[in-house]
Amino acid sequence: MSLVADDLHKRFGTIDAVAGVSIEAAPGAILGLLGPNGAGKSTTIGMLAGLIRPDRGSVRIGGQPLGRDADPIKRQLGLVPQELALLEELPARINLEVFGALYGLAGRLLDERVAAALELTGLADRAADPPREFSGGMKRRLNLACALLHRPAVLLLDEPTVGVDPQSRNAIFDMLENLRAAGHTLVYTTHYMEEVERLCDRVVIIDHGKVLAADTIARLVASAAPASRLRLEYDPPPDDAACAAVAALPGVRAVGLAGSTLTVTTAELGAVAPRVLECLAARGLSCRHLATQNANLEDVFLALTGRSLRDA
Amino acid sequence: MNTGWIAFRALIRKDVLAFVRDRRALIVSVLTPILIAAFFGYLFGGDREDAARGKMPVAVVDQDDSEVSRQVATGLAGEASLATERMDAVRARALVRQGKVRVAVVMPAGFGAAARSALFGGGQKPVVELLYDPSQSFARPVVEGLLTLHVMQTVTRQLFSANGSTTAIDATLADVRASDRLAPGMRSDLTKMLEAVREFQGRQPAPAAGAAPVGGMTVPFALSDVAVSAGPRYNGYAHSFAGMSVQFILFMGIDAGVGVLLMRQQGVWRRLRAAPVSRAVLLGARCAATTLIALGILTVVYLVAGLVFGVRVQGSALGFVAVAVSFALFTSATGLLIAALGRSLPATRGLSTFVVLILVMLGGAWVPSFVFPEWLQQATVFVPTRWAVDGLDAMTWRGLPLSAAIAPVAVLLGSSLAFALLALWRFDWDAD
């Protein structure tokens, strides 16, 4: 079942939190919403989940418009909130039973789904314990399981791995990949580029409430940031005059100095690397370490906004 | 099964389980009101048949040491409500100042003779000093009244007793004849009356040696105290349990309201709203759960009150249930209002607690409302908690019929409706 959002707008006071976001998520695929904190991702998810009424625009699930409150189409949606939205004092099993019942599950069907969810998340032996006694990773897995009980066709995940250890993160990623393989539609918001690169088939980059780009990762990187980076470590670091000399070399797009590391952006790595080394050697500087890096989503974001994703 | 009903039941179950599993909530909501009500109930006499309340400590300073002053001191010592002790003036003043004695009665030297002489206005009145603790000034008029009684009885007995002795009447006659305070006509009339009394006394045989004096003026009536309540005797615990139940159930209502704010903060509210459930189911389940918990607390508290402290529903059982249900609904509406108007958790909890304490204080849960100024007593008519306490009192120790529950139930249900409507109007659905 597809999810289509068309021209979503939401204004809070004088701030346009979301200004014309349109996305389309297809069954059997994971759509990544990538953007810095405050970009409008959570507000967008809120509108996609029927929690926030858009000022303008619409959301359709499987072609049907999404309403609010008791709209039956919401049964096709599952939401994994950014917060650990769990009943901390009640046992894990009760958590699952409550959130399952909210979607109409009852009786034997609910019992079966709860048992399956506990198995899936590896929490079967802790079913009687309250989440307040769980580790962060266990809580995250339970948080995810609560959204899966009713087997939604579309799953909205709002930064579901915040504060999770690598082992639990991998477990969550495995679960999401299984869901994708089973034909579910997943929308995954994060500001971690690595997660998007690992999981997502398509990416929508959002900043200041607007869509900056939307495509596959490979196409985004190819179209927006065809350059590679050359990282050179010097001790002592090059001075301003040396950096200016490097920037003036043919084929060099940008130069940056952070501590003793000089970063050179170029589209002609093979030709530019020897020129940079010669230029700095002529100034009496000898390179201690050299590394190259292909362009990634970080570069795409940098190219689109002029800012680093981590700094934004 | 209807999916809305499934969700409704699950949400109620969630809230009830969360309350039952929270030991702090259980202690605060159930154990604390029982303990405090037991304490206050004991102070107010409990259910003891003889109501053996504490005696008022009173010091008696007899600087006269006359027959009159000794008999007055003996009379005061015989009063059931007083615990008298004779001592000197310095110690009496010190004990009053320390709060160990409520009142000290200081009878000055010459008190007996002066009191007899002043009885008919002929002599100078002696001054009896009453030293009292200003923090417990209610004791002063009690002692003053008993002192007046015993002085009047003792002095008149001295004068009018037919005990064969005319010493006192002779001295009084001499005082009256010599008095320049009395008008000539009155002096003449009093002289004739006292001479007649002297003649009567002279004809009486002398009493046996050591016999107690008899006669004189006495209180010309007998008192029959009847505590008007439902049972054979008043159970002081009944009012305490009503007041403390109301207070601590309202505290639980605060927690229910603050719980919604907490759910918003933790993202649980967002998750609940993401489900295909209506607002009526979400808020209705919350209110229903709070109402059930309130009724549960009230049931447990009154069970203990009945089994351990002898509190009985001596009025209409149906009226008691109606008041209890109405108050439980009022509690849930209060919680809903807090959830709608509250902002930050600590501020909301603090402000709500303050408001509830004021409400229960004005409702007469702590101290009886009759100690309030008149205007405040009138004002508390608008305080729903007063109706809750009055309603529970009416159906328990006052033993009133169902009709007496109608007004409390109407006020509580009306207040609940008003609070609920205000809450729904102010509830911010989009806020997470």
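The values are calculated or read from the model by the stated rules, or taken from the named source; none is laboratory data. In this text, all values refer to a predicted model and were calculated from it rather than measured experimentally. Positions of Cβ are backbone-derived with ideal geometry, glycine not excepted, and every protein chain shown enters the neighbour counts. Only protein heavy atoms, including side chains, enter the accessible area calculation; ligands, DNA and RNA are left aside. Shrake-Rupley method; radii C 1.70, N 1.55, O 1.52, S 1.80 Å.
Conditions first: (1) open to solvent by 40 Å² or more (accessible area, probe 1.4 Å); (2) out of contact with any Asp or Glu (no Cβ under 9 Å at 6 or more places or on another chain); (3) under 30 Å from A:Arg56 (Cβ atoms). A:His208 passes all but one, so which condition is the exception?
Every condition holds for A:His208 apart from (2).
If you scan region B:403-428, which residues turn out to be surrounded by fewer than 16 Cβ atoms within 10 Å (Cβ to Cβ) and either of a type outside the set (S, T, N, Q) or not in a helix (DSSP H, G or I) (or both)?
As a first pass, look at region B:403-428 and keep what is surrounded by fewer than 16 Cβ atoms within 10 Å (Cβ to Cβ): B:403, B:406-407, B:410, B:414, B:417-418, B:421-422, B:424-426, B:428.
Within region B:403-428, B:Ile406, B:Ala407, B:Ala410, B:Gly414, B:Leu417, B:Ala418, B:Leu421, B:Leu422, B:Leu424, B:Trp425, B:Arg426, B:Asp428 meet the criteria.
I'm told A:Leu109 meets every condition in (1) at the interface with chain B (Cβ under 7 Å from one of its Cβ atoms); (2) free of Cβ contacts under 8 Å to residues at least 12 places away in the same chain except one. Can you identify the failing condition by its number?
Tallying (1) at the interface with chain B (Cβ under 7 Å from one of its Cβ atoms); (2) free of Cβ contacts under 8 Å to residues at least 12 places away in the same chain, A:Leu109 fails exactly one: (1).
Anything in region A:42-78 that is on the phi < 0 side of the Ramachandran plot, surrounded by fewer than 18 Cβ atoms within 10 Å (Cβ to Cβ) and away from chain B (no Cβ under 11 Å)? List them, or say none.
Matches in region A:42-78: A:Asp55, A:Arg56, A:Ser58, A:Arg60, A:Gln64, A:Pro65.
Touching a Lys or Arg at 6+ places or on another chain (Cβ under 6 Å) and either part of a helix (DSSP H, G or I) or free of Cβ contacts under 8 Å to residues at least 60 places away in the same chain (or both): is that true of B:Thr334 in this structure?
On the way: touching a Lys or Arg at 6+ places or on another chain (Cβ under 6 Å): no; either part of a helix (DSSP H, G or I) or free of Cβ contacts under 8 Å to residues at least 60 places away in the same chain (or both): yes.
The answer is no for B:Thr334.
Among B:Val58, B:Val72, which is in a strand (DSSP E or B), of a type in the set (A, V, I, L, M, F, W, C) and over 30 Å from B:Ser188 (Cβ atoms)? Give the derivation first.
On the way: B:Val72 fails: in a strand (DSSP E or B).
It is B:Val58.
I'm told A:Pro81 meets every condition in (1) under 25 Å from A:Gly163 (Cα atoms); (2) buried (at least 23 other Cβ atoms within 10 Å of the Cβ); (3) more than 7 Å from every other protein chain (Cβ to nearest Cβ) except one. Can you identify the failing condition by its number?
Here A:Pro81 meets the rest and fails (3).
Does region B:37-53 contain at least one residue that is under 30 Å from A:Val98 (Cβ atoms), assigned by TED's automatic domain parsing to the domain that holds B:Arg271, open to solvent by 30 Å² or more (accessible area, probe 1.4 Å) and in a helix (DSSP H, G or I)?
Of all residues in region B:37-53, those under 30 Å from A:Val98 (Cβ atoms) come to none.
No, there is no match, as no residue in region B:37-53 is under 30 Å from A:Val98 (Cβ atoms), assigned by TED's automatic domain parsing to the domain that holds B:Arg271, open to solvent by 30 Å² or more (accessible area, probe 1.4 Å) and in a helix (DSSP H, G or I).
State yes or no: is B:Leu295 facing chain A (nearest Cβ under 9 Å), under 44 Å from the mean Cα position of the chain (by Cα) and closer than 24 Å to B:Ile6 by Cβ?
Values: facing chain A (nearest Cβ under 9 Å): no; under 44 Å from the mean Cα position of the chain (by Cα): yes; closer than 24 Å to B:Ile6 by Cβ: yes.
Here the answer is no, as B:Leu295 does not meet what is asked.
For region A:1-41, give me the residue count where each residue is assigned to a loop (DSSP other than H, G, I, E, B) and surrounded by fewer than 22 Cβ atoms within 10 Å (Cβ to Cβ). Steps first, please.
As a first pass, look at region A:1-41 and keep what is assigned to a loop (DSSP other than H, G, I, E, B): A:1-2, A:13-14, A:26-28, A:35-40.
Among the residues that remain, those that are also surrounded by fewer than 22 Cβ atoms within 10 Å (Cβ to Cβ) are: A:1-2, A:13-14, A:26-28, A:36-38.
Total satisfying the criteria: 10.
When you check A:Ala49 against the structure, is it small (Gly, Ala, Ser) and closer than 29 Å to A:Met193 by Cβ, yes or no?
Numbers: small (Gly, Ala, Ser): yes; closer than 29 Å to A:Met193 by Cβ: yes.
Yes: the conditions hold for A:Ala49.
Can you tell me which residue within region B:263-292, out of those that are open to solvent by 30 Å² or more (accessible area, probe 1.4 Å) and among the polar types (S, T, N, Q), is nearest to the other protein chains (Cβ to nearest Cβ)?
Among those that are open to solvent by 30 Å² or more (accessible area, probe 1.4 Å) and among the polar types (S, T, N, Q), it is B:Ser278.
Kindly establish whether B:Arg93 is basic (Lys, Arg), at pLDDT 90 or above and assigned to a helix (DSSP H, G or I).
Details: basic (Lys, Arg): yes; at pLDDT 90 or above: yes; assigned to a helix (DSSP H, G or I): yes.
Yes; evaluated as a whole, the condition is true for this residue.
All but one of (1) surrounded by 23 or more Cβ atoms within 10 Å (Cβ to Cβ); (2) touching a residue at least 24 places away in the same chain (Cβ under 8 Å); (3) not hydroxyl-bearing (Ser, Thr, Tyr) hold for B:Arg312, so report the exception by its number.
In the conditions (1) surrounded by 23 or more Cβ atoms within 10 Å (Cβ to Cβ); (2) touching a residue at least 24 places away in the same chain (Cβ under 8 Å); (3) not hydroxyl-bearing (Ser, Thr, Tyr), B:Arg312 misses (1) alone.
Do you know which of the residues in region A:133-160 that are farther than 17 Å from B:Gly267 by Cα and small (Gly, Ala, Ser) is nearest to the other protein chains (Cβ to nearest Cβ)?
Step by step, filter region A:133-160, then rank; the result is A:Ala153.
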